[in-house]
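Take a look at the structure below.
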Amino acid sequence: MAMPSAIPMYCFVINLGDDTERMALITAHLSTVGMSFERWPATEAAMLDYALEARDGIVIREFGPWAAGEAACGMSHIRLWRHIIERRISWAIVLEDDARLRGPVPFDVAEWDLPPDADIVLLNRRACAGVTRHRGQRFCYADVTGGAGTEGYIVSQAGAAKLLAITQPLKDPLDFQMYAHFDSVRRSDRHPFFWALPRNPVAKDVSVTAYRIVPDLVEHADVESSIGNRRHARARFYCRLLLGVNFDHDYYYCGYAGTQSVSPDVVTRNCRSGYESVDSHFALTENVFIRGVDISHCREEKAESVTKILAAKGADTVRLSVWVDDRSALNLARGLRLARAATTAGLQLYLTLHYSDGWADPGRQPKPKAWQTFGVRALIDQVESYTQEVVSSFCHQGTPPSVVQLGNEITNGLLWAEDGHDERGGGRLHSTWIDGASWRGDDQWIVLSELLNAAVAGAREGFLSSEVGRVMLHLDRGADLAGTKWWLDRATAMGIDYDLIGLSFYSLWHDNATIATLARVRELQDSYPSKPVVISETAHPYRPFWDGKIMRAAGLEFAFTPAGQFEYLEAALRTIRGAPNGAGLFWWGACFTDSSLEPCPDCFRAHALFDAQGNPLPALAAFGAVP
């Protein structure tokens, strides 16, 4: 009986034509391990046409001339995948010319003993390995849970076809776009892993079954980077975070520093919730900016038309408040219905949990009626389970929140014990007691940290494996950066976990709330470099309002007119957009035009982005006017 013929494992080395020195180095290296290969000509950055596409129809977006080398790198791999498909190559090893093998590798596909469902197997040490799911005779294969790099992998013909689908168009660094579609990354990449980016909507249903060789077979040679500072903004951020490499300096080359991957041994386990995480934080990068509107007061019968208007005007996210009591005005069922309307209009969701049956703010943080008899341990457990249930409700109906705000304006804490009761029964930071000894401030912070970390755990648990959102702490101190920093320093010292800093900023109600003051949010960058800032609430009147007397814009920067409202919003958007840590801005009370939902003071109606008849005001155009 004739033996079946071996299936060859082809090997390709990607190399720029003018980089003969690197080609000579890898040729000499591969000869020592007895590997033959075919040189694959890398795409030259000069070939790119940023207005439309590359010469042979590979569509690129959002790279810009500063990242030409990185875009060209991605297209080098894309062209090679096309070649693999055209030649009907069953499996191929792909190496960049700065890759180094740790030893000889098989030339027969069967000797790799690959997982039968594998599309791609990463060989590099910069890819993070999860649980080993396949143990072959020669190699072990683990899930890919995160990491970086495309310097070494093996890919099937079917895998190459999937990768072609998800990289059309190519919008992110290649490993970003690849990893975002790895099914194992989507399962495991909860906070605070780093690679769960939104899927390419053109190929949102394409999932790549990816594994990593354990132990790794490819390491990154310590040679000069061909890309260096000319990187996509998101890639620069992750190079710093994951690899210890800083490409933000003026010099061209920066060698690798310290460990070259997020090692599995830095994975820690949260003792309360049991989720695994890397001891760091996900952060929005500098070219991600959210333009949002709070629609909590939108009348349900108008939700479809309102959200379509917002999307058409340039907003991309809506903010929704949810109160605990099912009979309250802003209950969960109503929030779910508004979320469906917003998602249908193409808008993302920012969810605000008040942990109250009504409004929560610095002067009032009452417990929900149903929780008032809970001791602090029961309250902590309730916060986690409630948060998990609410977040999962939005996820399960197909409207997952991209941001979950834990409490509302919690400068003075949240879930206060009732007046006259022991403060240890809640998370009040500043006592209202006049007589008698107040509980010590540090102890109050301990209770608050327990409550907030329970909320964080619940939010993480509520996200489905295919969805990843960020959690926010929200203070009312947008015009008081010193107060904000003091609070955040204490929160950090207490180990409170969060991703985003949310601030309220109102020119009418906050002292010294000018555009110049707003620009000072950049001062938080040095202290909290991985915590982007979102202006969670802001607003400005489009007309004078009645508050016991007619209130006009005396002494303020912007008039109480439709034009003044537009000018304020445009200036605020430009200011936060221009801050290195500015991640977004939301207008509060946009639909607070009448008292159909709850009593509505005239000052709130004057801050809306729709007039009393429901017509959109000129200020809405500011969302689309700021690039």
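Okay, here's what the table says:
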| read-out | value |
| --- | --- |
| Filter result (open to solvent by less than 50 Å² (accessible area, probe 1.4 Å) and outside any loop (DSSP other than H, G, I, E, B)) within the stretch 199-223 | 203, 208, 210, 211, 212, 213, 214, 218, 220 |
| Residue tally, condition of a type in the set (A, V, I, L, M, F, W, C) and either assigned to a helix (DSSP H, G or I) or open to solvent by 10 Å² or more (accessible area, probe 1.4 Å) (or both), over the stretch 376-415 | 10 |
| Test: residue in the stretch 145-157 that is part of a helix (DSSP H, G or I), touching a residue at least 24 places away in the same chain (Cβ under 8 Å) and open to solvent by 10 Å² or more (accessible area, probe 1.4 Å) | yes |
| Residue check, residue 72 open to solvent by 30 Å² or more (accessible area, probe 1.4 Å) and modelled with pLDDT under 90 | no |
| Long-range neighbours under 9 Å by Cβ, at least six apart or interchain, first residue among the β-branched types (Val, Ile, Thr) within the stretch 336-347, second at pLDDT below 95 and open to solvent by less than 30 Å² (accessible area, probe 1.4 Å) | 343/399 |
| Residue 552 being more than 19 Å from residue 297 (Cβ to Cβ), at pLDDT below 95 and among the basic types (Lys, Arg) | yes |
| Residue identified as modelled with pLDDT of 90 or more, surrounded by fewer than 17 Cβ atoms within 10 Å (Cβ to Cβ) and not in a helix (DSSP H, G or I) among 527, 504 | 527 |
| Identity of the residue in the stretch 348-392, more than 19 Å from residue 537 (Cα to Cα) and of a type in the set (Asp, Glu), that ends up modelled with the lowest pLDDT | 381 |
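The values are calculated or read from the model by the stated rules, or taken from the named source; none is laboratory data. All values reported here derive from a predicted model rather than from experimental measurement. We place every Cβ from the backbone using ideal geometry, glycine too, and count neighbours over all the protein chains shown. Only protein heavy atoms, including side chains, enter the accessible area calculation; ligands, DNA and RNA are left aside. Shrake-Rupley method; radii C 1.70, N 1.55, O 1.52, S 1.80 Å.
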